[in-house]
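Working notes for the structure below.
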Amino acid sequence: MVSNLQAAFRSIAEHWQRAVLSSLGVAVASIAIILLVSIGLGVQKDIRGQVEGLGVNVLIVVPGHVNMASGFNPNLGGQSWLQEEQAQALAKVPGIDEVAMLTFAGGGVRRGTTDAYPFVIACTPDWFSIRPVGFRSGRAFRDDESAQDVVVLGQIAKETLFGDQDAIGQL
């Protein structure tokens, strides 16, 4: 065994460049594998967080007519045919915890001469208990405000329309 160690050290000493390059190759390959696995796990965690953020237990029912000749058309442009009575009937189905009515709308928001074009969702206050949102300022509207003109602005639309000003209570 001692003679084998002596032969190994002698070989390394005689071919030190080959030994250094081989060691460097093993180190680089090991680092590359560790980095790829780390990046893969990071991407997986990020995607999982995004999917969970969407609400994996949320089902959005968008009634409308599907024309198979033109592909799926969920009618994101506006009119929804789901009536309040139908939403209440859905709330009674076993396994459904909460129901909120909402519709998607196109268009924009104008304040003076400034326009913003956010994705607009008209909803009942129940939507905020189904999809909790963190607010930088203000709050979600309540049931007693449903008949009033109330707007919850996203940060980009708020900054576009109001800049650094507080938007709460502004028209």
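The values are calculated or read from the model by the stated rules, or taken from the named source; none is laboratory data. Source: prediction; values computed, not measured. Virtual Cβ from ideal backbone geometry, glycine too; neighbours counted across all protein chains shown. For accessibility, only protein heavy atoms count, side chains too; no ligands or nucleic acids. Shrake-Rupley method; radii C 1.70, N 1.55, O 1.52, S 1.80 Å.
Here are some notes:
- Residues in segment 48-63 that are at pLDDT 70 or above and either open to solvent by 90 Å² or more (accessible area, probe 1.4 Å) or at positive phi (or both): Arg48, Gln50, Glu52, Leu59.
- Set Phe104, Phe141, Phe119: member being loosely packed, with under 11 Cβ neighbours inside 10 Å, among the aromatic types (Phe, Trp, Tyr) and out of contact with any His (no Cβ under 9 Å at 6 or more places or on another chain): Phe119
- Positions within segment 144-171 being under 18 Å from Ile121 (Cβ atoms), open to solvent by less than 70 Å² (accessible area, probe 1.4 Å) and among the hydrophobic types (A, V, I, L, M, F, W, C), in sequence order: Val150, Val152, Leu153, Ala157, Leu161, Ala167
- Qualifying residues in segment 65-100 (those that are in contact with a strand residue (DSSP E or B) (Cβ under 7 Å, 6 or more places away or on another chain) and among the hydrophobic types (A, V, I, L, M, F, W, C)) - the one modelled with the highest pLDDT: Ala100
- Count - residues of segment 78-101 that are of a type outside the set (S, T, N, Q), in a loop (DSSP other than H, G, I, E, B) and open to solvent by less than 50 Å² (accessible area, probe 1.4 Å): 4
- Residues that are open to solvent by less than 100 Å² (accessible area, probe 1.4 Å) and not hydroxyl-bearing (Ser, Thr, Tyr) within segment 3-23 comprise Leu5, Ala7, Ala8, Ile12, Ala13, His15, Ala19, Val20, listed in sequence order.
- Of all the criteria given as (1) within 30 Å of Leu102 (Cβ to Cβ); (2) under 18 Å from the mean Cα position of the chain (by Cα), the one not satisfied by Val61 is (2).
- Filtering segment 116-148 to residues that are without any contact (Cβ under 8 Å) to a residue 24 or more places away in the chain, over 22 Å from Ile60 (Cβ atoms) and either outside any loop (DSSP other than H, G, I, E, B) or of a type in the set (Gly, Ala, Ser) (or both) leaves Asp144, Glu145, Ala147.
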